[in-house]
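Student: Got a structure for you, questions after.
The values are calculated or read from the model by the stated rules, or taken from the named source; none is laboratory data. Everything numeric here is computed off the predicted structure, so don't read it as measured data. Cβ sites come from the backbone with ideal geometry, for glycine too, and all protein chains shown count toward neighbours. Surface areas here come from the heavy atoms of the whole protein model, side chains and all, with no ligands, DNA or RNA. Shrake-Rupley method; radii C 1.70, N 1.55, O 1.52, S 1.80 Å.
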Amino acid sequence: MRVFNFSAGPAVLPEAVLKKAQEELLEYKDSGMSVMEMSHRSKVFEDILNKAESDLRDLLQIPDNYKVLFLQGGGHTQFAMVPLNLMINREADYILTGQWAKKASEEASKYGKVNIVASSKDENFSYIPDLSDLDISEKADYVYICQNNTIYGTTIKNLPNTKGKDLVSDVSSMLLSEPMDVSKYGILWGGAQKNVGPSGVTIVIIRDDLIRDDVLEGTPTMLKYKTHADNNSLYNTPPCFNIYICGLVFEWLKDLGGLDVMKKMNEEKAAILYNFLDESNLFKGTVRKEDRSLMNIPFITGDEELDKKFISEADNKGFKNLKGHRSVGGMRASLYNAMPKEGVEALVKFMKEFEMENR
Ligand SMILES: *Cc1c(COP(=O)(O)O)cnc(C)c1O
């Protein structure tokens, strides 16, 4: 029996996608083999890759002067690739809204001067600081944000005023949850395992002029965006099966009506849980209201023992992976695209029952 899986990542995938992959597992179309078994240089795989890219371009309306790369190495590799490729003046501005932004800034500081131009560390990253008039450094090669903070459940809803500098955004836990204006970014990138597909593929969307040859000295070939851009993500063997699954998710999203429809569905789902948290006498959200994420929703009872009891009883009822990240404590429900509305409704129903029994 499939459960309601609230994991932050790797996370729930659409059932229709898994079924399709199951149908095609032994033999993809009439190729006589599984996608896992075919050459990445074959025509049939090239079609899978090109279709995935063109569907993603449709979904996000990616302008022609942006490249789409399907890479490996996860988010942590992007923490290094961004400075290696962009930090030409050896200086960059980072906005600290949580652990992932912090890790990215620490990695970048190996290569140059990192300025923290805003931070919400003072209140355990439970809000987004005002980003409208930052002290952007004259020499900064880019401004870096983590747009949806998976651990803390905040989202940057108004992009920073970068004063002309290129914006680099980690959108790992919100990519394809809503429409985005790609033209506002220099680079946006996301690990697929949160809201898009299986772990093992990272999607990078990068403006042409940032694909440079004059990267930092000593940059490995594999960590140059240009290597992958020049070779249509086929410089070496890409994560073929994972890209195929991402492609099925893109088709699923297009069939649903695209990202406007997805956004509405996500807003509806999140409202079910947030409305309950706002009226509950037992559970409460941990994030400032205007900064709340549609994707990751942390909440607590205020009593650690009761949190534990809740997580364990929820688990027994088939509500899985609700334990919060250790730096926030309590619970966290991730309501990615593939989480059905029924899952959130059932969770809230269970929370109400738990509240009645434990007041
Ligand atoms: C999970 C996550 C990461 C880390 O990704 P890995 O693929 O595990 O390296 C980075 N940023 C955000 C926002 C994440 O949610």
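Student: Do any residues in region 71-85 that are in contact (Cβ under 8 Å) with a residue 40 or more places away in the chain have Cβ atoms under 6 Å from those of residues that are more than 8 Å from the ligand (Cβ to nearest atom) and of a type in the set (S, T, N, Q), where the two are at least six apart or on different chains, and which pairs are they?
Tutor: Filtered contacts from region 71-85: LEU84/THR219.
Listed here are the residues, each with its yes/no results for (1) away from the ligand (no atom under 16 Å from the Cβ); (2) closer than 26 Å to GLY247 by Cβ; (3) in the same structural domain as ILE95 (by TED's automatic domain parsing).
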| position | (1), (2), (3) |
| --- | --- |
| ASN124 | yes, no, yes |
| VAL143 | yes, no, yes |
| ILE151 | no, no, yes |
| SER169 | no, yes, yes |
| SER172 | no, yes, yes |
| VAL182 | yes, yes, yes |
| GLY197 | no, yes, yes |
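Student: Here is a further query. So is PRO179 within 19 Å of ASN65 (Cβ to Cβ) and not in a helix (DSSP H, G or I) or not?
Tutor: yes
Student: Provide a single number: the residues in region 182-197 that are under 24 Å from PHE6 (Cβ atoms), part of a loop (DSSP other than H, G, I, E, B) and not aliphatic (A, V, I, L, M).
Tutor: Summing the residues that are under 24 Å from PHE6 (Cβ atoms), part of a loop (DSSP other than H, G, I, E, B) and not aliphatic (A, V, I, L, M) in region 182-197 gives 4.
Student: Moving to a separate point now. Residues in region 201-231 that are in a strand (DSSP E or B) and more than 16 Å from the ligand (Cβ to nearest atom): how many?
Tutor: 2
Student: Consider region 86-116. How many of its residues are part of a helix (DSSP H, G or I) and in contact (Cβ under 8 Å) with a residue 40 or more places away in the chain?
Tutor: So the answer is 5.
Student: Can you confirm whether region 68-91 contains a residue that is away from the ligand (no atom under 16 Å from the Cβ), exposed (fewer than 15 other Cβ atoms within 10 Å of the Cβ) and among the acidic types (Asp, Glu)?
Tutor: no
Student: Out of all the residues in region 247-278, which are under 20 Å from the mean Cα position of the chain (by Cα) and at positive phi?
Tutor: Matches in region 247-278: GLY258 only.
Student: Kindly evaluate SER42 against the criterion of being in the same structural domain as LEU175 (by TED's automatic domain parsing), without any contact (Cβ under 8 Å) to a residue 24 or more places away in the chain and within 24 Å of GLY218 (Cα to Cα).
Tutor: no
Student: Okay, next question. Got a sec? Which of LEU223, LEU188, LEU167, LEU175 is open to solvent by 10 Å² or more (accessible area, probe 1.4 Å) and modelled with pLDDT of 95 or more?
Tutor: LEU223
Student: Name the one entry in PHE241, PHE250 that is away from the ligand (no atom under 16 Å from the Cβ), open to solvent by less than 30 Å² (accessible area, probe 1.4 Å), among the aromatic types (Phe, Trp, Tyr) and in contact (Cβ under 8 Å) with a residue 24 or more places away in the chain.
Tutor: PHE250
Student: Pull up region 16-66, narrow it to residues that are among the β-branched types (Val, Ile, Thr) and in a helix (DSSP H, G or I), then point me to the one that is nearest to the chain's Cα centre (by Cα).
Tutor: VAL17
Student: Okay, next question. When you go through GLU53, GLU123 one by one, which is the residue that is surrounded by 20 or more Cβ atoms within 10 Å (Cβ to Cβ) and modelled with pLDDT of 95 or more?
Tutor: GLU53
Student: Let me ask something else. What are the pairs with Cβ atoms under 8 angstrom where one residue, in region 1-27, is open to solvent by 20 Å² or more (accessible area, probe 1.4 Å) and the other, located anywhere, is part of a loop (DSSP other than H, G, I, E, B) and modelled with pLDDT under 95? Sequence gap at least six, or different chains.
Tutor: Final answer for the pair search is GLU15/ARG2.
Student: Follow-up. So which helices (runs of 4 or more DSSP H) stay within region 240-359 end to end and still have 3 or more residues that are over 30 Å from LEU59 (Cβ atoms)?
Tutor: Helices (runs of 4 or more DSSP H) meeting the threshold: 259-279, 304-316, 341-357.
Student: While we're here: Among the residues of region 57-74, what is the count of those that are touching a helix residue (DSSP H, G or I) at 6+ places or on another chain (Cβ under 7 Å) and within 13 Å of GLY190 (Cα to Cα)?
Tutor: Final tally of qualifying residues: 4.
Student: Here's something else I'd like to know. Does GLU106 fit the bill of being within 14 Å of the ligand (Cβ to nearest atom) and more than 30 Å from LYS263 (Cβ to Cβ)?
Tutor: Criteria met by GLU106.
Student: With respect to PHE70, is the statement that it is farther than 29 Å from ASN124 by Cα and in a strand (DSSP E or B) true?
Tutor: yes
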